[in-house]
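To start, the structure under review is shown below, and the notes come after it.
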Amino acid sequence: MIGPVLAQKPVEGPPVPNDPVLPVKAKKAFTNLRIRRPVTITNAGDGSGRIFFAEQQGVILAVPNDPDVEEADVFLDIENEVRFNPSQNEEGLLGLAFHPKFKENGEFFVYYTIKKGLVSRVSRFKTMKDDPSKGDPNSEEVLLTLEQPFWNHNGGSIEFGPDGYLYIALGDGGSANDPQGNGQNLETWLGSILRIDVDKKEDGKNYAIPADNPFVDTEGAKPEIYAYGLRNVWRLTFDRKTGACWVGDVGQNIWEEIDIIKNGGNYGWNVREGLHPFSDQNAKPDAKYIDPVFEYHHNVGKSITSGYVYRGKKVPELEGKFLYADYVSGKIWALDYDYETGKAGQNYRIEEPSNPPVVCFGETEDGEVLMSAIFGEYGSIYEFVPAE
Ligand SMILES: [Ca+2]
């Protein structure tokens, strides 16, 4: 999500790319619903087709996959437990993920900021015993608790990978410039993507560490860390066809970036921003940084909202392209990427004249991609369709 509101001077940079426009439209959907700040859109993978909109304020709504639906069900309401302050808009209920075996075990996972203090939490919840269509607010089991040094950069994506493990994207702790050097520090979860096994419990924790997590044998390192050197991942997703883990890492001064996350990878922050030097403060001579797949300059947008590699059927023009947007400029793009060469190809625009402040993307069970934008207290949902 949007980084700290710094006094931003106009940025000089390379020429603004003249990206070709795809014959694709972002069309408003679910317009009969009043949804407050939908920062996560997902599905339960249970064959029900339901779509879940998680409101940052702390309520999760469930609806059938019908853009004309008149009413939403409340799936879970933990608003009284969630800290959300509209003037500090990076806290709240930020992430929701359903267990790959949700249909059998009724488990789902929520990332939120607790009411008191600057504390992020990831918890397991279960559905109601007498009504499996609803989550049970009294079923909470806390998995992770993380004190945040500042209110901003909380990351917030939680997603199950094709390996069945839960991936948790965290920010660098906030403020600006990563003052604590968390991005390059393996002794803190901050600035990292964690990976945990929620199906086992070990060492007094409500989860276990996967045996091939990269730093399990590194002294002092947090064994939950899967990848690091990240500033504030705003949305982590998996390509349902290839299993690749895509993230957008929100930049600070000049560059927004897209990364494909690898086990043990160091993505550079705060030594680098995108492909460019940022600070020597935490540089280590032997460090190797993984380059972004793609970066864009702040003359195009100032806060990336990362999306999905499109694998749906409705919009053949998008097949295999990575959908993403910018929260500040409201631009929406689709990027070609070749997994064999590991190189990005053409970047395309998807024109939406209102330039909406896009805050997240989500997938339906059948692989169609939805998108949300936030206007004050409320949000709008969009679907992608071929242009006339
Ligand atoms: Ca980076």
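Quick notes on this structure:
- Bridging of Lys343 to lysines at a Cα separation below 20 Å is possible for Lys241, Lys262, Lys288, Lys321, once same-chain residues fewer than 8 apart are set aside.
- Residue by residue, region 38-46 carries 3J(HN,Hα) couplings of x, 8, 9, 10, 7, 10, 8, x, 10 Hz when phi is fed to the Karplus relation 6.51 cos²θ - 1.76 cosθ + 1.60 (θ = phi - 60°); x denotes Gly or Pro.
- For a label point 7 Å along the Cα-to-beta-carbon line of Phe375, residues of region 303-327 with backbone N under 18 Å: 326-327
- The packing ranking, built from the mean of other Cβ atoms within 10 Å per residue, places the peptides 262-272, 121-131 in the order 262-272, 121-131, highest first.
- Shape category assigned to region 87-153 from the gyration tensor of Cα positions, a/c cut at 1.5: prolate
- Peptide packing for 237-243, 304-310, 276-282 was compared via the average number of neighbouring C-beta atoms within 10 Å per residue; ordered from the highest value, the list is 304-310, 237-243, 276-282.
- Straight-line cross-link reach from Lys28 at under 19 Å between alpha-carbon atoms covers these lysines, not counting any fewer than eight positions away in the same chain: Lys313, Lys314, Lys331.
- In the chain, the calculated helix contribution to ellipticity at 222 nm averages 0 deg cm²/dmol per residue, counting -39,500 (n - 2.57) for every DSSP H run with n ≥ 4.
- Using θ = phi - 60° in the Karplus curve 6.51 cos²θ - 1.76 cosθ + 1.60, the 3J(HN,Hα) couplings for region 157-167 round to 6, 10, 8, 7, x, x, 7, x, 8, 8, 9 Hz; x is entered for Gly and Pro.
- Estimated at 0.36 nm per residue, the fully extended path between Glu319 and Asn105 surpasses their Cα-Cα distance by 73.8 nm.
- Using θ = phi - 60° and Karplus 6.51 cos²θ - 1.76 cosθ + 1.60, couplings along region 14-19 (whole Hz; Gly, Pro as x): x, x, 5, x, 9, 5
- Modelled FRET efficiency - R0 41 Å, Ser354 with Ala287, Cβ distances, 0.05 increments: 0.45
- Taking a point 7 Å from the Cα of Glu340 along the Cα-to-Cβ direction, none of the residues of region 233-274 has its backbone N closer than 11 Å to it.
- Alpha carbon centroid spacing (whole Å) that separates region 278-301 from region 15-38: 29 Å
- The equivalent ellipsoid of the chain has semi-axes of 28, 27, 20 Å, largest first, where each one is the square root of 5 times an eigenvalue of the Cα gyration tensor.
Read-outs: derived from the displayed coordinates by stated rules, not from any lab. Source: prediction; values computed, not measured. Neighbour counts run over all protein chains shown; Cβ positions are idealised from the backbone, glycine included.
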